[in-house]
Amino acid sequence: MKRRALSGHKYIFVVGGVMSGVGKGIATASIGKLLTARGISVNLVKIDPYLNVDAGTMNPIEHGEVFVLDSGLETDQDMGNYERFLGRDLGPDDYMTSGMVYASVIARERNLGYGGKCVETIPHVRDEVIERLRRAADVSNSDISVVEIGGTVGDFQNALYMDAARVIHLLSPDDVLFVMVSYLPVPGTLGEMKTKPTQNAVRLLNSYGVQPDVIIARAAHPLDRKRKEKLAISCNVRPDMIISAPDVESIYDVSLNFERDKLSSILLESLGYEEKPQADLSIWKEFAEKARNGGKQVKIGIVGKYFDTGDFVLSDAYISVIEAIKFSAYQNDAKAEIHWLNAKHYEANPESVSELGDYDGILVPGGFGETGIEGKIAAIKFARENKIPYFGLCYGMQLMTVEYARNVANLKDAHTTEINPKTPHPVIMILPEQVEKLEKKDYGGSMRLGAYPCDLVEGTIAREVYEKESISERHRHRYEVNPEYIERLTKAGMVFSGVSPDRRLMEIAELPKKEHPFMLGTQFHPEMKARPLSPHPLFSTFVKAALGHKSKV
Ligand code: GLN
């Protein structure tokens, strides 16, 4: 393998100072976006310092959405932001966790791969990190790797990655930059922006042998000159390399704000690039403007189950779904008003489902388990009977099938075997290979994961909307439509408009337009391929139908 750190490949390491949750992921994605817009080929890497081998076993309530790549790797939601900002797919080499890194070091040790040496965190695990970063750069053939080191400087568990970055810098100092995303609080009692926590964070970073080149100063307000100068002198960073990053209404404004302080030119000049053409961000600007202002409202109800879980942020668990709806709303010159509707409430009070009559569109997203299930099915029934546009994602498609089986195909007590293994009509069932995995408690990375091809059936909504015969979409599930019920469901009027190339698996279910303005469910997760500048056609059709419904009522 080429030693890229020594052969002109560039790295920008993004680290966090002071505290987490201030937008390091969005800053990384925005840097990637800006450099790409200036004609530089970039790969973005997320490092998660926890010991999970991937993000798949983590509870979305605590950790946010599990974002699946084409390859099937289950990753952190930041990877979704990266793909959306870059407008392209990322590969499995662009993500690493400590669990992944240690697993390969330990496997190598078991195979005598270290020739009898004592295997240690430094150098062996650190070198594995460096090797992985090189591989990511090689595979993507990029000019610059922008690498986000998860956590905050001073965390015990990310020190390893700080050291890997230090060594890469040591090997090739002109090719490596450090960007620290820090936070400047404005304590209520003082009403003044304080730089001290950032000064201390820089000192802590210095103790690793790392000096930040650029500081992105996150704060409620823009940074004034006085504070910029203070930060510059105390943190040993040139004043023009301190970027003001005040709170913004929309994350899509962040890159535009960075450019106001000329961030991309600063990065490129510091990495030794000759003058590069300025970025043409006009299309992005137009999009960001719509994200801020939108147009006519379209009221979408998401029927889910995670509502009484303390300090959990719903928007994180469904971030790709929310963004996908928003992109399609902007495309239709509308602004999505998204409401969270509690499926458990509908389960306990079935008559309250009639409140759904106030919505322009109803969506049931992916999910697992029993909670609120009958509430979701009741919501789907209401949407079908009242001709309110409905979009079901994965579980939402499976439950749409269950509802249709029970109430239209007369298959009494039909269900998914995930909830009722003894149902007389298992219209959704688990595949035999998945049963084996569950019996062995082989939960991690063992679902049907990642991109699979799907053929679209002529004369259907799906075929018309995609304008293609065959598509590829991302999956994350264990259960499928039971092939033994396809004929009965089809006879009752359900159309399976997307099928796997071998015809075994049903990928899209829909009702014909003459029956319902839009009632469609996908076994896959289309939200993971929706991008700001290329919204997903199924989401766009759903939003359009919702706008049509709105104008009728
Ligand atoms: N629980 C369902 C399954 O495993 C759906 C999963 C999902 O919605 N992602 O098949």
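Simple rule: put +1 on each Lys or Arg Cβ and -1 on each Asp or Glu Cβ in the chain, find the dipole, and look at His536, Gly392, Ala165; the Cα lying farthest toward the positive end is Ala165. Counting only Cβ charges, +1 for Lys and Arg and -1 for Asp and Glu, the dipole size of the chain around its Cα centre is about 580 debye.
Projecting the Cα atoms of Val495, Ala324, Thr189 onto the charge dipole of the chain, computed from C-beta unit charges around the Cα centre, puts Thr189 farthest toward the positive end.
Determine the alpha carbon to alpha carbon distance for each of Lys24/Lys344; Lys387/Lys412; Lys412/Lys513; Lys344/Lys468; Lys296/Lys529 and list only those over 32 Å.
The pairs that break the limit, which is 32 Å between Cα atoms, are Lys24/Lys344; Lys344/Lys468.
Scalar couplings 3J(HN,Hα) for the range 18-25, obtained by applying the Karplus form with A = 6.51, B = -1.76, C = 1.60 to θ = phi - 60°, are 6, 7, 8, x, 10, x, 5, x Hz; x denotes Gly and Pro. Hull volume per residue, based on the alpha-carbon atoms of the range 168-259 and their convex hull, is 108 Å³. Residue ranges 53-65, 354-366 sort as 354-366, 53-65 when ordered by packing (mean number of other C-beta atoms within 10 Å per residue, highest first). Remark: spin-label model distance Glu62-Glu374 equals 3.1 nm, labels positioned 7 Å along the Cα→Cβ axis.
Expressed per residue, the C-alpha convex hull volume of the chain stands at 168 Å³.
For the peptides 397-408, 277-288, the ranking by mean Cβ contacts within 10 Å, running from highest to lowest, is 397-408, 277-288. Taking the Cα centre of the range 260-310 as the origin and placing charges on Cβ (Lys, Arg +1; Asp, Glu -1), which of Gln278, Val303, Ser264 is farthest toward the positive end of the dipole? After comparing all options, I get Val303. Each peptide in 244-257, 181-194 receives the mean, over its residues, of other Cβ atoms within 10 Å, and ordering these scores from highest gives 244-257, 181-194. Our note on the geometry: Cα centres of the range 371-397 and the range 16-64, 33 Å apart.
Let me know the shape class of the range 382-503, please: from the alpha-carbon gyration tensor, a ≥ b ≥ c as square roots of the eigenvalues, rounded when a/c is under 1.5, otherwise prolate if a/b is greater than b/c, or oblate. Judged from the Cα gyration tensor, the range 382-503 comes out oblate (a/c at least 1.5, b/c at or above a/b). What's the center-to-center distance, using Cα atoms, between the range 177-194 and the range 480-553 in Å? Each part's Cα centre sits 47 Å from the other's. According to the square roots a ≥ b ≥ c of the eigenvalues of the Cα gyration tensor, what is the shape class of the range 215-330, taking rounded for a/c under 1.5, prolate for a/b larger than b/c otherwise, and oblate for the remainder? Since a/c reaches 1.5 and a/b is larger than b/c, the shape of the range 215-330 is classed as prolate.
The numbers here are math on the coordinates, done by the rules we state, and not lab data. Owing to the predicted nature of the structure, the values given are computational and were not obtained by experimental measurement. Cβ sites come from the backbone with ideal geometry, for glycine too, and all protein chains shown count toward neighbours.
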